[in-house]
Every structure is written in structure tokens, then in C-alpha cells.
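Here's the structure, in C-alpha cells; my notes come after.
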Amino acid sequence: MKDELVGYDAIALGELVRGKEIKAVELLETVIQRIELLNPKLNAVIHKLYDQARENVMKDPGDGMFSGVPFLLKDLFAETKGAPFEEGSRAVKGYVSKLDSELVKRQKAAGLNIVGKTNTCEFGLLPTTEPKLYGPTNNPWNPEFSPGGSSGGSAAAVASRIVPIAHGNDGGGSLRCPASCCGVFGLKPTRGRNPMGPLFGDGGGVLAEHGLSLTVRDSAALLDATSGPDLGDPYAAPHKERLYQEEVGADPGRLKIGFLTAVPDGWSMGARIHPDCQQAVKDAAVLCENLGHDVEEVSPDKLGQPKLSATFGQMFSCFAGRVIAYWEEELGMKITEDQVEPMTWGSYQAGLRRTGADYLGLVEKTQRFSRKIAHWYDQGGYHLLLSPTLCLPPAKLGSFEPTPEDPLNGLKTTNAFVALNYIQNLTGQPAMSVPLFWNKQGLPIGVQFAGRFGDEATLFRLAGQLEQERPWIDRKPLIHIHND
């Protein structure tokens, strides 16, 4: 399949449609062909919404930034009316959304045309995308490996050039983890930056909606299109000074960046950073220093917090308990052990054992930690904290499966994987995974920059500078759409 539109990001495609250089229906059919060609190799798209997308494209695509641009929606939290909504679970199979989430309304208003929904692990509980419901999504760089999770279907679709941008969300690294594993750009916005209504709250303050993209400017434009409080939201992120699109390409100034090559005490249960990931962060530190920034290694002792990973794990079990309870209420039926995966059931049972007082105590602990981190940035004059996105390179498919000898294998592998990811979910800070490094096996290893609360602007300015200095868009995986 010759595809002359490969290499165009979503903003550029929208410009072609608005300028009438290509019809929105032609662009849609091109993306449908891409899905049909590559999805058998990737299993990234689990619900094909071709008829809905064709119906939408026959209407005026409008003059939004992404006018007529095909888009993939992750099958978790965000809903689009009339489409399957199953969140990777056999217990929910066959459910159809009754409404558009506020986020999706804003995506559509910007011109995005939802052509399909992407694979995710069950209820987003793991940093891989291997649900029993639809099977594993393969990493386009090497199909024996996981694309990460829980937004792995979206990340694989973007990396393989099926679409230049796709939806994802992040409750413990679920945007940044697959961005790292698939070699694309992924940003988790500040807590409260994007809406989650009308059905869902803030997931205890740890959940964030956004997307994965090939270019930094697409991510910025998407956040411009969707961010801002919805009526009735309990709180909102600090007001941005100008469009995020204007930050990309703007001079970031001289930034003070601290970097980590070890996991602070309490952030994990003994996780160690793999040499490849250490090399990636040191490489990024040198790159930032060469760009004129002040870069210094940070002692992990200054950021430690006793039993922080246990605190997050207990909060996540409460989240699992609420997810199951929500679906029991919505479906009008009791969900049984045989309908969900073993780790989901174990997390659900653990959540049931926690009281309201337990949960409020966990919230207090995370709030104390958040204040500690905020003071560290402020007192040290740091703009950013640099670390590997993940403690390990991409994992092989099956690495998170429980075994008869170790039913908690998935949890242990998760802890070893995302010990540097979930921190910003607890603190609410914005953080991004930037694809700057590939190991000797040809697998991407992202580096993470975490910014001050509410300061996506600095992240976008630095990301634009890094993208210009070391472009990644021409690095294509084994499985991708060709333009020759």
C-alpha cells in the first residue's frame, strides 16, 4: 500500500482538509486501509467504527485544528455514544455507551473523527496491554514484546503510523509507559487539566486524560482543544498563560534540571533501574546540558518517602473495588470471580477490605508527599526532574501473567516496571515521556521529565527543543505504514 500521507502529523492533515487539498472522506478511507493492513499484526484496534466515522465525515468537518482527522479512542473511561465500551473486561463485554464524555465532545468539536477504539488491559490495572477479552497488542518494534499499558493499543497505532495521534489516559503511568515502550511522545497533564465527566470523578486525584502522538505540537494542540474545567468539576488546574501550541518552539530559557539514576527509598519494593534505562537518562542529561540547561544529579535520598509504593498500591485496590462496584450498579448484576482476571479479582478483594477511614488516611499520606515534592522543586530552584520513564526496557509479552507458583507475579513485575511513573499521579504534576533513546536490541526507551504542578508550558517548550535537536519522527518500527 503506497501512502503519501505518512509523515504528516494531525495538525498538517487538518490543514490539508481545511485547505481542500484532500477530502476528509479520502483521509478517512486511507486510515481505514491502514487499520485493515496492520491491525492483524498488532491487534491495536478492537472496535472498528467505520460506519459511524463515514457518517460523520459526510457532514461538514468544520474548521477546527484537527478538521476531519481520523482518531482512535482508547476503550477506557472516555465514552463515545453508540460504540462498544468494555474496558478490557469479559464482565462488561457487549456494553454500548449511552453518551459522549465531555472530553470526547471536545475532541469531536476540534474536528477529530473517531474511527475505532483501541485495546487496553482490564480496567487499566496493568502496565501492559494483554487482556483476556481481546488478547495482547504487539509492540510494533518487536511483536514479541509488550507495547506497555494501559494505553498500549493507542501507542502501537501511533508508532506504526496508523494514525498520528490517539487518545489515552494515565492513572499510574498509562500514557507515559506505552509512549516509552513504543517510541512516541506521551504527556500526562496536571491533575484537573482535562475533564472526566459527566459520569466519572477524578479517580482519587490520580487519573488524567490526554493522548499519544508522533509530534510534540500535536500533543500541545490536543491539550488546547480539550483542557479547561467542565461545569460542576470539583476543581481545576491552574490557568494556562497562552496556548500550549505557542509554547512548542518557544525558547525554554535556561532550565535547572535534576536527574535520577536510582529509585528513591520507598518509591518501590526494591526496584532497580536497568543499565539501558540509566544510559538513556544520562544521555538525555548530556543533551540538555549541551542545550544550555543546568543539569545535576539528584540524591534519591532527598525524594524518598517510606512505604510510598504500598500507599499507592492500597489506593489502587480501592480504585479496583470502586470499578467493580460501578459496573455492578450499571449492569444490574453481580460480577463473579470467573468473569474477571485473577489480578483484578485479587485487587478488588483487597479493596473491599479497606474502610473509608483507611482510604482517607492514604489520601493524607499522598498529600504530605506531594507537599514534600513541591517544596523540593521550589527550594532547590528546579524546573524539572529527569528520570527514565520506566525502570526496565520493554517487557516480553506474558511477563505480567500470574503463575501457579506466584499468583502475584503481575503486581511484582508492575512494581519493578513503573516505580518512577506513578509518582506524578499521586502529586498531580504534569510529566512527559520523550523518545530520545533506543537500546542495542532496537527497542525504544523513553526518558521522563516531570514539571512543577500546573506547568505544562515548560514541558512543551523543552520537548519542542529536544524534538528539534534530535528528531524521532523518522525512526520507524518494524511494523509500520510505508510511503514508498
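In table form, for the structure just shown:
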| item | result |
| --- | --- |
| Criterion (touching a helix residue (DSSP H, G or I) at 6+ places or on another chain (Cβ under 7 Å) and at positive phi) met by exactly one of G228, G203 | G203 |
| Among the candidates A221, A208, A155, residue that is farther than 20 Å from L390 by Cβ, crowded, with 24+ Cβ neighbours inside 10 Å and not β-branched (V, I, T) | A221 |
| Count of the stretch 33-63 residues which are modelled with pLDDT of 95 or more, aliphatic (A, V, I, L, M) and either outside any helix (DSSP H, G or I) or more than 23 Å from H210 (Cα to Cα) (or both) | 6 |
| Of the criteria (1) out of contact with any Asp or Glu (no Cβ under 9 Å at 6 or more places or on another chain); (2) under 27 Å from K334 (Cβ atoms); (3) among the acidic types (D, E), which one E144 fails | (2) |
| A395 vs. criteria in contact (Cβ under 8 Å) with a residue 12 or more places away in the chain, aliphatic (A, V, I, L, M) and within 17 Å of N425 (Cβ to Cβ) | no |
| Restricting the stretch 24-80 to residues that are of a type in the set (D, E) and free of Cβ contacts under 8 Å to residues at least 40 places away in the same chain, the residue that is nearest to D224 (Cα to Cα) | D60 |
| Of all residues making up the stretch 113-134, the number that are in a strand (DSSP E or B) and of a type in the set (S, T, Y) | 1 |
| Options L187, L133: the member that is at pLDDT 95 or above and crowded, with 24+ Cβ neighbours inside 10 Å | L187 |
| Inter-residue pairs, beta-carbon under 8 Å, first over 14 Å from L459 (Cβ atoms) and in the stretch 240-262, second in a loop (DSSP other than H, G, I, E, B) and of a type in the set (G, A, S), 6+ apart | R254/G292; K256/G381 |
| Only one of G232, G197, G228 that is in contact (Cβ under 8 Å) with a residue 24 or more places away in the chain and either buried (at least 21 other Cβ atoms within 10 Å of the Cβ) or out of contact with any Pro (no Cβ under 9 Å at 6 or more places or on another chain) (or both) | G197 |
| Subset of the stretch 65-110 [among the basic types (K, R) and under 18 Å from L133 (Cα atoms)] | K74, R90, K93 |
| Search result, residues across the stretch 397-424 that are closer than 14 Å to H274 by Cβ, at pLDDT below 90 and among the β-branched types (V, I, T) | T413 |
| Residue satisfying all of: in the stretch 351-402; surrounded by 14 or more Cβ atoms within 10 Å (Cβ to Cβ) and β-branched (V, I, T); nearest to V323 (Cα to Cα) among these | V363 |
| Subset of the stretch 88-108 (residues that are in contact (Cβ under 8 Å) with a residue 60 or more places away in the chain and of a type in the set (D, E)) | E102 |
| Candidates F77, F66, filtered to the one that is closer than 25 Å to A320 by Cα, touching an Asp or Glu at 6+ places or on another chain (Cβ under 9 Å) and part of a loop (DSSP other than H, G, I, E, B) | F77 |
| From A78, A83, residue being in contact with a helix residue (DSSP H, G or I) (Cβ under 8 Å, 6 or more places away or on another chain), aliphatic (A, V, I, L, M) and under 30 Å from V447 (Cβ atoms) | A78 |
| Residue satisfying all of: in the stretch 323-377; β-branched (V, I, T) and closer than 22 Å to G135 by Cα; modelled with the lowest pLDDT among these | T344 |
| From the options V158, V163, residue that is among the β-branched types (V, I, T), modelled with pLDDT of 95 or more and out of contact with any helix residue (DSSP H, G or I) (no Cβ under 6 Å at 6 or more places or on another chain) | V158 |
| Cβ-Cβ under 6 Å pairs, at least 6 apart or on other chains, the stretch 457-484 side at pLDDT 95 or above, far side among the hydrophobic types (A, V, I, L, M, F, W, C) and in a helix (DSSP H, G or I) | F460/A220; A463/V216; G464/V216; E467/V216; P477/A159 |
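The values are calculated or read from the model by the stated rules, or taken from the named source; none is laboratory data. This one's a predicted model, so the numbers in the text were calculated from it and none came from an experiment. Cβ sites come from the backbone with ideal geometry, for glycine too, and all protein chains shown count toward neighbours.
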